[in-house]
1. Rank these residues by their accessible area, most exposed first, probe 1.4 Å: F105, F122.
2. Skipping prolines and chain starts, which residues have an amide H placed within reach, meaning under 5 Å, of the one on V156, given they are 5 or more residues away or on another chain?
3. Along the Cα→Cβ direction, 7 angstrom out, place labels at D9 and A165. What is the inter-label distance in nm?
4. If you count only protein heavy atoms with a 1.4 Å probe, what accessible area per residue comes out for the chain, rounded to a whole Å²?
5. Quick one: what do you get for the chain if you divide its Cα Rg by 2.2 N^0.38 Å?
6. Using 0.36 nm times the number of residues separating R292 and N2, minus their current alpha carbon distance, what extension gain do you get?
7. If contacts are Cα pairs under 8 angstrom and at least 6 residues apart, what is the relative contact order of the chain in percent?
8. Between H256 and D114, what FRET efficiency comes out of the Förster formula 1/(1 + (r/R0)^6) with R0 = 22 Å and r the beta carbon distance, rounded to 0.05?
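The values are calculated or read from the model by the stated rules, or taken from the named source; none is laboratory data. Predicted model only: the values in this text are computed from it and were never measured. When we count neighbours, we look across all protein chains shown, and the Cβ atoms used for this are built from the backbone with ideal geometry, even at glycine. SASA here: full protein model, heavy atoms, side chains in, ligands and nucleic acids out. Shrake-Rupley method; radii C 1.70, N 1.55, O 1.52, S 1.80 Å.
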Amino acid sequence: MNITLCCTDTKIEPWLQGLAAALPHAHISVWQPGAAQADYAVVWAPPQQFLDEQPALRALFNIGAGVDALLKLRMPPGCQIVRIDDGGMAVQMAEYVCHAVVRHFRELDAYEGDMRAGRWGFRRPRVRSEFPVGVMGLGVLGERVARALAHFDFPVNGWSRTPKAVDGVRGFSGAEGFHDFLAASRVLVNLLPLTPDTQDIINRDTLSRLQPGGYVVNVARGAHLVEEDLLAMIENGHIAGATLDVFRTEPLPVGHPFWTHPRITATPHTSARTLREESIAQITRKMAAMERGEAVAGTVDPGRGY
């Protein structure tokens, strides 16, 4: 088994060592232009040249959850793209989203401001049933997030392309269920894959359909959100604020209004990072299964975009 690594802006040596330890009989190398053909590749943001020079690849293992950037490239014929199902990201995402939702619900940002200003005071406790949370996207990460939110007794709605049943979550699906999903939600959490159908899905119309005083948590892709529409809806009072971990341009440009907006919390695309050891274990299990001719989970359907 010949495996090549092509991971842009990634410290590659630990990945090389981990794969070699897990697959001692495989030949594993870091790709260089003109390198020999490989059976499998482990990649992050590979250049088109890499794919053009590796027409014999059976499968491409992406070390992040999102594959939207890969799908813009020309793939070798017959090459499957395989996603990391979790890689330790689901629990991190659940932590991040629950923190953002609870911080908003409990008004902890306002309390923090009071304490910094030397003010000691209390706010009337909010009613949990008045803060239904809508989770867009019920894949591995989205389902874990929805279950975690339900654990805190928030009413949780879930929306997906096709119907999915998750305990403790009210399900909506398809275009016919989207507006009802939004109307039933006050907090909107986005975990959708980025596809032509989902780009710009968080826009003025979407936001206006949330219950008054809505809140947005975007941890998927920056291109899901029309930034100007969010700012306008916060300005008119229909949206109370947002926690954003992803942006149309990353790093967030100097002078962007999100840096200093009092109702927006921004973090640098860190809601869930790939954990190397868990990802290597998952990738090598899948490679071994493919060698045995078995189907593996996480195979991307280019037609759907995920």
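1. Details: F105 10, F122 170 Å².
Largest to smallest exposure gives the sequence F122, F105.
2. Placed amide hydrogens put V133, R170 under 5 Å from V156.
3. Going from the D9 label point to the A165 one covers 4.2 nm.
4. On the way: 15090 Å² over 306 residues.
Ligands and nucleic acids excluded, the figure is 49 Å² per residue.
5. 1.10
6. Working: separation 290, 0.36 × 290 = 104.40 nm, distance 1.52 nm.
102.9 nm is the gain from fully extending R292 to N2.
7. 16
8. Details: r = 27 Å, r/R0 = 1.24.
My answer for the efficiency is 0.20.
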